[in-house]
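**Q** Here's a structure for you.
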Amino acid sequence: MQVILRTIGDCNIRRAEPSDLISIMEINLKTLPEHYSDYFYESLLAELPEAFIVAEIAGKHVGYIMCKTEFGFSNFKKLGFVKKGHVVSIAVLDEYRKKGIGNALVKESVNGVKLRKCDEFYLEVRCSNNEAVRLYEKYGFIIKQQLNAYYRDGEDAYLMAIELD
Ligand code: ACO
Ligand code: ZN
């Protein structure tokens, strides 16, 4: 059964299901240079369905966020070993941007990783991706590191992270 987590105007925000994955892959192909195998999408959905969220308007998929969990060194505490949520990818189709959908996807994924008792949430983003950096900063993510030549084309990434309570 589909459970609507929130609505923004006519847009429903809900957890993804296996039948959503093809449309999500299509959004990814249209919006981002980083692509993944079918298996990778399936495994993220199987591992962390709480933070694999879609945005849908009248049956059309317009955005998604997908995440995973990891154990590793804290981005905040010296010598701390913590459970971290990791945003693998988020995108909203161009014509549906600037309506708050991206913000809602981040919010619901934060709720999802909190359900899984993550201490922190982090992501990498292109340094030139002002829209995304602003979205994360508004939400409280902090730039913790600059990762040199992180992307295949040589661009640097910011590692941005937030502590969860
Ligand atoms: N009316 C006008 N403006 C609005 C409204 C509204 N009703 N609601 C929100 N906005 C504004 C926000 O205030 C924000 O403005 P600001 O950037 O000037 O502060 C802006 O719209 C964007 O916020 P949202 O609408 O919440 O986000 P959006 O749905 O546009 O999605 C995203 C943002 C996902 C980054 C989008 O630009 C995108 O898909 N980009 C391409 C893919 C991408 O770069 N993804 C991130 C890569 S990094 C990673 O995946 C880990
Ligand atoms: Zn990453």
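**Q** Taking the residues in the range 76-111 that are under 22 Å from residue 163 (Cβ atoms) and of a type in the set (Lys, Arg) as candidates, determine which candidate is nearest to ligand 2 (Cβ to nearest atom).
**A** It comes out as 84.
**Q** Looking at the range 83-90, is at least one residue at pLDDT below 95, small (Gly, Ala, Ser) and more than 19 Å from residue 17 (Cβ to Cβ)?
**A** no
**Q** Right, here's the next one. What number of residues within the range 97-106 are open to solvent by 50 Å² or more (accessible area, probe 1.4 Å) and either in contact (Cβ under 8 Å) with a residue 60 or more places away in the chain or hydroxyl-bearing (Ser, Thr, Tyr) (or both)?
**A** So the answer is 1.
**Q** Can you spot a residue in the range 143-159 that is within 12 Å of residue 86 (Cα to Cα) and not charged (D, E, K, R)?
**A** Within the range 143-159, one or more residues are within 12 Å of residue 86 (Cα to Cα) and not charged (D, E, K, R).
**Q** Is it true that some residue in the range 147-157 is modelled with pLDDT of 95 or more and in contact with a helix residue (DSSP H, G or I) (Cβ under 8 Å, 6 or more places away or on another chain)?
**A** No, because not a single residue in the range 147-157 is modelled with pLDDT of 95 or more and in contact with a helix residue (DSSP H, G or I) (Cβ under 8 Å, 6 or more places away or on another chain).
**Q** Taking residue 80 as the residue in question, decide whether it is more than 29 Å from residue 154 (Cα to Cα) and open to solvent by 30 Å² or more (accessible area, probe 1.4 Å).
**A** no
**Q** Take the residues in the range 101-130 that are more than 22 Å from residue 8 (Cα to Cα) and among the polar types (S, T, N, Q), then tell me which one is nearest to ligand 1 (Cβ to nearest atom).
**A** Checked the range 101-130; the qualifying residue nearest to ligand 1 (Cβ to nearest atom) is 129.
The values are calculated or read from the model by the stated rules, or taken from the named source; none is laboratory data. Keep in mind that what you see is a predicted model, and the values were worked out from it rather than measured. Note that we place each Cβ from the backbone using ideal geometry, even for glycine, and neighbour counts take in every protein chain shown. For the accessible areas, the whole protein counts, side chains as well, though only heavy atoms, and no ligand, DNA or RNA atoms are used. Shrake-Rupley method; radii C 1.70, N 1.55, O 1.52, S 1.80 Å.
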